[in-house]
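Asks: Quick one: the structure is below, questions incoming.
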Amino acid sequence: MSHLQRLWRSPEAWLLLSNLLSRLLGFVVSLLVSRLAGVSALGLYSGLLITAASPTTPVSAVLANNATMLSARHHGQATVWALLWAQWPAWLWGLLLAALGCASMLHASTLISSGMLPVAMVLWVTAGLVLGQLLTHTVVGVYHGSDLSRRASWVTSATTVVALLSAYPVLHWWGLQGIVVQAMCVALLPGLWMCTLAWREQAGGVARAPAQGLSAESFQQFRKAWPNMLATVLNNGTNWLACIYLAERFHGHAGLGVVAISLQWMALMQLPVSSWGGRVMRALSLAHLEGPANFKHEMRRQLWRCAWVSLLGGGAVLAVSPWVADLYRVERQTLFWMLAFNAFATVLAGINVVYERVFFCLGTQRPWLWWSGAAYVIQLAVTWLFIPQAIQAVAVGNVVACLAVSVGVTIYLWRKGYLGRGA
């Protein structure tokens, strides 16, 4: 088999391409909005996306991981459509939680009253973003667990390519209203498309009784995952306070801009690991079913893999940091140290991605919640202490938080026998 054939058949390669296209879409749209509609319009656009994602991500991540675990366990015993249908009780509860959180954030913000978009449009676009993220992440989770990762990547990649090609015409002809509607469509369409594919292939599938049993199992997993959801809520809230509130309070909009640039490029550093999250979850789930020895071996393999890939991604971005600074017209040294700390945090975050999924497989997430909560308190304290002196305090606080989680969880798993020579 040639190298190109191996790449074509590799789910990891397609997942990486899909995520890369998504990141590219974010870069392109942000640049176009800033140049064609102005910085204020970019602030509103980004604010809507962040407001929709902040309360939704904790729920969508849990739904996706649970869907992957359930599908991996029952792959071959139930159709993809039955596995999708089994997610609806947990999904509806997740939608309720995300909607309440998003409504609260909209009420506390000035996005609705900005005057740049009609109030009704702000509300239904935000609702579409929340709905789309929950739907697409859940469906992709089922596809990962059913060993259909390539198909999921094809659908999301096709949607993103269409959005990339149409971004400039949409913004040119319909302005800010058109581009926010496009963002909503990008969130919704992949999930709807994959649901349609699964529904068309349901002929000869399982009966409704097994599907109902799967629904009960799915909802039970969702109930057990509340510590993980709470940990992610704390993470998002901490990041907002540290990266947005404190940065703007002590360094103004210029400092906030540097933070936004560094976070955008940090997302690029994390691209491989964030692309493979579903595959990591599947590999750990299957290894856990095979017994403790296989699970420990797979955990160590994934830790090593994610750490090295994250190191390479961080080093690559750091190497081009002078050109990145010139592109955005910011001071080179300031951005270099921001990206350097973010590169270190990326390696630690890659390790923590594996640890988070390990706790899913072990069925106990309270330790993850406690260590995460402690890390967020430390992050806020470090950022608050040093932010008056330098904007780099935002990145330093993030590094310290990631390090606290990595060290704490490593010690916990070592004591439980999952790490170490005897593991």
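The values are calculated or read from the model by the stated rules, or taken from the named source; none is laboratory data. All values derive from a computational prediction rather than experimental measurement. Every residue, glycine among them, receives a Cβ derived from its backbone with ideal geometry; neighbour counts consider all protein chains shown. These area figures cover heavy atoms from the full protein model, side chains too; ligands, DNA and RNA do not enter into them. Shrake-Rupley method; radii C 1.70, N 1.55, O 1.52, S 1.80 Å.
Asks: Calculate what fraction, in whole %, of the accessible area of the stretch 268-348 sits on carbon and sulfur atoms when a 1.4 Å probe is rolled over the protein chains. Mind dumping the intermediate values first?
Replies: Details: 2590 of 3880 Å².
Accessible surface attributable to carbon and sulfur in the stretch 268-348 totals 67 percent.
Asks: Sort the stretch 46-182 into rounded, prolate or oblate with this rule: let a ≥ b ≥ c be the square roots of the eigenvalues of the Cα gyration tensor; rounded if a/c is under 1.5, and if a/c is not under 1.5, prolate when a/b is larger than b/c, oblate otherwise.
Replies: Details: a/c = 3.31, a/b = 1.55, b/c = 2.14.
Oblate is the answer for the stretch 46-182, as a/c is 1.5 or above yet b/c matches or exceeds a/b.
Asks: Which distance in Å, rounded to a whole number, links the C-alpha centroids of the stretch 297-367 and the stretch 27-88?
Replies: Result: 21 Å between the Cα centres.
Asks: Hey, another quick one. Which peptide among 131-142, 391-402, 290-301 comes first, and what is the full order, when sorted by highest mean count of other Cβ atoms within 10 Å? Walk me through the intermediate numbers first.
Replies: On the way: 131-142: 25.8, 391-402: 24.2, 290-301: 15.2.
Output ranking for 131-142, 391-402, 290-301: 131-142, 391-402, 290-301.
Asks: Please compute the contact order of the stretch 46-132 in relative form: average sequence separation of alpha-carbon pairs under 8 Å and at least six residues apart, divided by the residue count, as a percent.
Replies: Numbers: 50 pairs, mean separation 42.3, N = 87.
Rounded, it is 49 percent for the stretch 46-132.
Asks: If I require 15 Å or longer along the helix axis, counting alpha carbons, and a Kyte-Doolittle average no lower than 0.0, what helices from the chain are left? Use full DSSP H segments. Provide the component values of the computation, followed by the final result.
Replies: Details: long enough: 11-36 (37 Å, 1.27); 39-74 (49 Å, 0.77); 88-108 (30 Å, 1.29); 119-145 (40 Å, 1.41); 149-200 (36 Å, 0.88); 208-224 (24 Å, -0.92); 226-240 (21 Å, -0.25); 246-269 (27 Å, 0.88); 277-290 (20 Å, 0.27); 292-319 (40 Å, 0.05); 332-362 (44 Å, 1.13); 366-386 (30 Å, 0.77); 393-415 (33 Å, 1.68).
Helices meeting the span and hydropathy rule in the chain are 11-36, 39-74, 88-108, 119-145, 149-200, 246-269, 277-290, 292-319, 332-362, 366-386, 393-415.
Asks: Suppose every K and R has +1 on its Cβ and every D and E has -1 on its Cβ; what is the size of the dipole of the chain about the Cα centre, in Debye to the nearest 20?
Replies: Numbers: 25 positive and 10 negative charges, 178 e Å.
My answer is approximately 860 debye.
Asks: While we're looking at this one, here's another question. When you count, for each residue, the other Cβ atoms within 10 Å and take the mean per peptide, how do 408-419, 214-225 rank with the highest first?
Replies: Working: 408-419: 15.6, 214-225: 17.8.
Result, highest mean first: 214-225, 408-419.
Asks: Something else: Among 72-83, 264-275, how do they line up by average Cβ neighbours within 10 Å per residue, starting with the highest? Kindly include the intermediate steps, with their values, before the conclusion.
Replies: Values: 72-83: 19.6, 264-275: 21.2.
Ranking, from highest mean packing down: 264-275, 72-83.
Asks: Taking only C-alpha pairs under 8 Å that are 6+ residues apart, what is the relative contact order of the stretch 363-423 in percent?
Replies: On the way: 36 pairs, mean separation 20.3, N = 61.
Answer for the stretch 363-423 is 33 percent.
Asks: Please state the relative contact order of the stretch 292-355 as a whole percent: Cα pairs under 8 Å, 6+ residues apart? Present the calculation step by step, with values, prior to reporting the outcome.
Replies: On the way: 45 pairs, mean separation 30.6, N = 64.
Reported relative contact order: 48 percent.
Asks: Here's a follow-up. First compute the accessible area of the stretch 48-159 with a 1.4 Å probe, then give the percent of it belonging to carbon and sulfur atoms.
Replies: On the way: 3000 of 4130 Å².
About 73 percent, which is the carbon plus sulfur part of the accessible surface.
Asks: Still on this structure: Please name which of Val320, Phe295, Thr334 has its Cα lying farthest along the dipole of the stretch 254-392 towards the positive end, using unit charges on Cβ (Lys, Arg +1; Asp, Glu -1) and the Cα centre as origin.
Replies: Working it through, the farthest residue towards the positive pole turns out to be Phe295.
Asks: Per residue, what accessible area does the chain have, given a 1.4 Å probe and all protein chains present, in Å²?
Replies: Numbers: 19780 Å² over 423 residues.
In whole numbers, the chain has 47 Å² accessible per residue.
Asks: Using unit Cβ charges (K, R positive; D, E negative) and no other charged atoms, how large, in debye to the nearest 20, is the dipole of the stretch 287-423 about its Cα centre?
Replies: 440
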